[in-house]
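K.L.:
Take this structure, written in structure tokens, and hold onto it; I'll ask about it next.
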Amino acid sequence: MSIVEFRDVSFRYLRRKAHALKNINLSLEKGTTVAILGPAGAGKTTLVKALMGVVPHIDPGYLDGDVSVNGWGTRDHSVADMARHVSIVLENPDIQIFSLTVKDDIAFGPANLGMSPDEIWKRVAYAMRETQLVGLDDRNPNNLSGGQQQSLAIAGALAMRPRVLAMDEPVAMLDPVGKERVMSVVRSVTKGDTQATTIITESGADIESLAGNVDRVVALRHGEVVLDGPAGEALADPVLEEIGVGRPQVTDLFLKLRNAGGKLPHIPVDLDGAVEALRSLLAEAGVGQIELPAGYGRSPGRHFGEQIVQIENLHHTYPPDVHALRGVDLAVREGEIVGIIGQNGSGKTTMARHLVGLLKPTNRREAVVRVMGQNVTKLRFRQIIKMINYVFQNPDDQIFADTVWEEVAFAPEMMGFSEEEIKPLVEEALETFNLTGYEKRYTMALPEDLKTYLAIACVFPLKPQILLIDEPTTGLDTKGERIMMRSLGMLRDAGHTIVIITHNMKTIAEHCDRVVAMAEGKILLEGTPRALFAQPERLLEAEIKPPQITQLGQRLDDIGFPPDVLTVDEMLGIVLHNLGRNGG
């Protein structure tokens with residue numbers, strides 16, 4: 001039985017020439033989970049908003065066709081009416097969180113439906129359990145980490161017990177274990193008593209979380225459906241790579257093996273399937289134990305300069321008694337790309353904000369926070385940003401000017417640069433971060449991927465020696481992620497030091513020189529990506545899991561696969577080497 005219907009739906013926002021959605025026809029069954037895939041700007045968010053009537057009732061524009069949920073048409077019912085059937089979780093949790101405590105924010109929706117206090121708090125308790133927010137009942141949402149805020153937005157939607165739950169990039173800000181937890185929630189609401197229909201949008205960075213958790217995949221490009229089919233087939237479809245979404249790492253591996261001449265009747269899309277398929281492939285070729293190719297694991301050595309960041313014995317406590325940092329020690333050398341990873345709420349962002357003077361150590365007399373040899377706690381902000389600059393996790397926390405040009409020009413203007421000096425600096429920043437041509441665009445109307453580029457571009461003109469970037473790939477599709485990391489690599493090659501905070505383990509594996517893993521306000525592990533990802537049990541203490549391709553090798557350690565494979569191409573090289581030596 002169809003519970004969601006899109007019939008000949010097209011939508012164009014006011015003052016936009018291009019349609020956000022074009023000729024959408026979809027029927028979604030009760031109790032199914034559907035992934036809506038597409039690159040940035042494909043129309044995924046608009047489709048989610050259309051479910052509840054947010055477009056066109058709140059975000060105005062021109063709607064053709066009809067959208068209905070449980071028989072209720074969005075044309076004939078208000079957003080408040082549709083909220084009885086649909087809950088949506090938007091990509092930016094700040095838009096949805098407004099109460100003073102976690103429990104009150106979750107209770108807001110059920111309370112507005114006129115439920116009894118007993119039923120409201122029963123639903124709050126359920127939602128907090130499902131999203132791992134137990135114990136944070138009275139915490140101010142402003143004092144939560146970005147990932148915890150994302151969990152809070154999801155909890156608020158779950159408390160409504162909707163027939164349709166639509167989530168826009170729901171796991172983008174979560175640690176790897178948190179991503180799995182959300183997908184477990186998805187399974188429980190679709191297969192449990194409520195049999196809700198769940199819709200999840202995804203740009204590509206977390207595509208691996210979908211396999212085994214969604215029934216159907218619909219892919220959009222330029223507002224149109226270009227792929228619609230069962231998840232097991234669709235996630236291996238070449239069109240996903242063509243539109244810039246990418247594929248699961250294990251799927252990519254097996255497609256490359258097929259292209260190299262391997263006899264592969266089935267392409268796996270999840271880790272379990274890949275383990276079984278690779279065992280079978282090697283066994284059929286007579287490979288009993290893996291031999292590593294010559295030179296495996298060697299990488300060209302990089303020379304790093306002097307210590308440029310020094311943190312010693314750093315503690316920070318938020319009121320009333322939240323110990324965010326518990327004696328952190330960290331050193332960063334000139335020319336490194338350092339990745340900071342860890343569970344949501346582990347202290348990553350809190351530590352970063354000390355480096356740029358936004359927070360002061362609770363133990364100010366004992367702690368050391370130095371950048372380029374200077375004590376940050378004693379410097380004025382204007383002095384700090386010449387050495388190190390911080391890009392916020394949520395671009396909307398940072399962007400305020402009317403146009404893209406004005407935003408990028410703001411920092412050098414405030415530092416007293418002349419117009420003649422500012423113009424080439426702004427042009428260089430726009431070109432470096434793929435924003436040339438957007439100079440006159442209104443910043444608040446930019447799509448999320450361009451806001452991410454803009455947030456980094458606007459600190460670039462000051463040419464700080466150190467760039468500290470919180471979640472540089474959030475909101476980006478696979479193509480956008482490549483552009484971002486290539487740009488940061490160019491900055492490193494030009495002599496800058498880059499520190500990134502991220503939950504994207506593929507980014508860490510492919511681009512970082514060193515990794516720092518945090519847990520409960522302390523540094524748990526640090527070393528090269530290869531060294532850290534070879535310790536999956538320790539990483540679980542920080543709710544971290546290695547990249548999918550690394551996990552594949554670890555699952556096959558009994559036949560000699562190494563525990564520290566970092567990329568698909570590394571794994572491909574190992575497999576082809578062994579097939580070749582056995583005539584496979």
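K.L.:
Going through region 227-259 one residue at a time, which ones are farther than 16 Å from residue 478 by Cα and out of contact with any helix residue (DSSP H, G or I) (no Cβ under 6 Å at 6 or more places or on another chain)?
P.N.:
Scanning region 227-259 gives 228, 229, 230, 231, 232, 233, 234, 254, 255, 257, 258, 259.
K.L.:
Looking at (1) assigned to a helix (DSSP H, G or I); (2) among the β-branched types (Val, Ile, Thr); (3) more than 23 Å from the chain's Cα centre (by Cα), find the lone condition where residue 267 falls short.
P.N.:
With (1) assigned to a helix (DSSP H, G or I); (2) among the β-branched types (Val, Ile, Thr); (3) more than 23 Å from the chain's Cα centre (by Cα) applied to residue 267, the lone miss is (1).
K.L.:
Continuing with this model, one more query. Quick check on my filter: what residues within region 385-419 are of a type in the set (S, T, N, Q), assigned to a strand (DSSP E or B) and crowded, with 20+ Cβ neighbours inside 10 Å?
P.N.:
Scanning region 385-419 gives a single hit, 389.
K.L.:
Looking at 74, 45, can you tell me which residue is modelled with pLDDT of 95 or more and not charged (D, E, K, R)? First the steps, then the outcome.
P.N.:
Working: 45 fails: modelled with pLDDT of 95 or more.
Exactly one residue qualifies, and that residue is 74.
Conditions (1) closer than 21 Å to residue 389 by Cα; (2) acidic (Asp, Glu); (3) at pLDDT 95 or above, marked per residue:
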site: 484; (1), (2), (3): yes, no, no
site: 488; (1), (2), (3): yes, no, no
site: 508; (1), (2), (3): yes, no, yes
site: 512; (1), (2), (3): yes, no, yes
site: 530; (1), (2), (3): no, no, yes
site: 533; (1), (2), (3): no, no, yes
site: 541; (1), (2), (3): no, yes, no
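K.L.:
Is region 134-151 home to any residue that is out of contact with any Gly (no Cβ under 8 Å at 6 or more places or on another chain), assigned by TED's automatic domain parsing to the domain that holds residue 115, in a helix (DSSP H, G or I) and of a type in the set (Ser, Thr, Tyr)?
P.N.:
No, because not a single residue in region 134-151 is out of contact with any Gly (no Cβ under 8 Å at 6 or more places or on another chain), assigned by TED's automatic domain parsing to the domain that holds residue 115, in a helix (DSSP H, G or I) and of a type in the set (Ser, Thr, Tyr).
K.L.:
If you go through region 394-403 one residue at a time, do you hit one that is more than 24 Å from the chain's Cα centre (by Cα) and either among the charged types (D, E, K, R) or closer than 28 Å to residue 505 by Cα (or both)?
P.N.:
Yes, region 394-403 contains at least one residue that is more than 24 Å from the chain's Cα centre (by Cα) and either among the charged types (D, E, K, R) or closer than 28 Å to residue 505 by Cα (or both).
K.L.:
Let me ask something additional. Return the residue satisfying two criteria in turn: it lies in region 181-206 and is free of Cβ contacts under 8 Å to residues at least 60 places away in the same chain and among the acidic types (Asp, Glu), and of such residues it is nearest to residue 69 (Cα to Cα).
P.N.:
So in region 181-206, the residues free of Cβ contacts under 8 Å to residues at least 60 places away in the same chain come out as 181-185, 188-189, 192-194, 206.
Imposing the further condition that a residue be among the acidic types (Asp, Glu) reduces the set to 193, 206.
Values: 193: 19, 206: 27 Å.
Filtering region 181-206 for residues that are free of Cβ contacts under 8 Å to residues at least 60 places away in the same chain and among the acidic types (Asp, Glu), the one nearest to residue 69 (Cα to Cα) comes out as 193.
K.L.:
Next up: Quickly run through region 238-264 and pick out the residues that are of a type outside the set (Lys, Arg), at negative phi and outside any helix (DSSP H, G or I). Before you say what the answer is, go through the steps one by one.
P.N.:
If we filter region 238-264 for residues that are of a type outside the set (Lys, Arg), which is where we start, we get 238-246, 248-255, 257, 259-262, 264.
Checking the rest, the ones that are also at negative phi come to 238-243, 245, 248-255, 257, 259-260, 262, 264.
243, 245, 248, 260, 262, 264, listed by residue number.
K.L.:
Here's something else I'd like to know. Look through 78, 10, 27 and report the one residue that is surrounded by fewer than 19 Cβ atoms within 10 Å (Cβ to Cβ) and touching a helix residue (DSSP H, G or I) at 6+ places or on another chain (Cβ under 9 Å).
P.N.:
Unique residue meeting the criteria: 78.
K.L.:
In addition: Going by the conditions given, is residue 277 of a type in the set (Gly, Ala, Ser), out of contact with any Leu (no Cβ under 7 Å at 6 or more places or on another chain) and surrounded by 14 or more Cβ atoms within 10 Å (Cβ to Cβ)? Break it down into steps so the answer makes sense when it comes.
P.N.:
Details: of a type in the set (Gly, Ala, Ser): yes; out of contact with any Leu (no Cβ under 7 Å at 6 or more places or on another chain): yes; surrounded by 14 or more Cβ atoms within 10 Å (Cβ to Cβ): yes.
Yes; evaluated as a whole, the condition is true for this residue.
K.L.:
Please go through region 175-231 and give me each residue that is within 22 Å of residue 272 (Cβ to Cβ), part of a strand (DSSP E or B) and among the small types (Gly, Ala, Ser), ordered by number.
P.N.:
Listed by number, the list holds a single entry, 229.
K.L.:
In region 339-384, how many residues are within 30 Å of the chain's Cα centre (by Cα), assigned to a strand (DSSP E or B) and more than 30 Å from residue 135 (Cβ to Cβ)?
P.N.:
Residues meeting the conditions: 2.
K.L.:
Any residue at all in region 365-385 that's of a type outside the set (Gly, Ala, Ser), touching a Pro at 6+ places or on another chain (Cβ under 7 Å), touching a residue at least 24 places away in the same chain (Cβ under 8 Å) and in the same structural domain as residue 462 (by TED's automatic domain parsing)?
P.N.:
The answer is yes; a qualifying residue exists.
K.L.:
Look at region 242-269 and say how many of its residues are among the charged types (D, E, K, R) and free of Cβ contacts under 8 Å to residues at least 60 places away in the same chain.
P.N.:
Number satisfying all stated conditions: 4.
K.L.:
Among the listed residues 306, 284, 291, identify the single one that is touching an Asp or Glu at 6+ places or on another chain (Cβ under 6 Å), farther than 22 Å from residue 213 by Cβ and surrounded by fewer than 15 Cβ atoms within 10 Å (Cβ to Cβ).
P.N.:
That would be 306, the only listed residue that is touching an Asp or Glu at 6+ places or on another chain (Cβ under 6 Å), farther than 22 Å from residue 213 by Cβ and surrounded by fewer than 15 Cβ atoms within 10 Å (Cβ to Cβ).
K.L.:
Being surrounded by fewer than 17 Cβ atoms within 10 Å (Cβ to Cβ) and closer than 12 Å to residue 521 by Cα narrows it down to one of 322, 328, so name that one.
P.N.:
322
K.L.:
Right, something else. Just give me the residues in region 489-522 being among the hydrophobic types (A, V, I, L, M, F, W, C), more than 22 Å from residue 179 (Cα to Cα) and surrounded by fewer than 23 Cβ atoms within 10 Å (Cβ to Cβ), in sequence order.
P.N.:
490, 491, 494
The values are calculated or read from the model by the stated rules, or taken from the named source; none is laboratory data. Quick caveat: nothing in here was measured; it's all calculated off a predicted structure. FYI the Cβ positions are ideal-geometry reconstructions off the backbone, even for glycines, and counts take in every protein chain you see.
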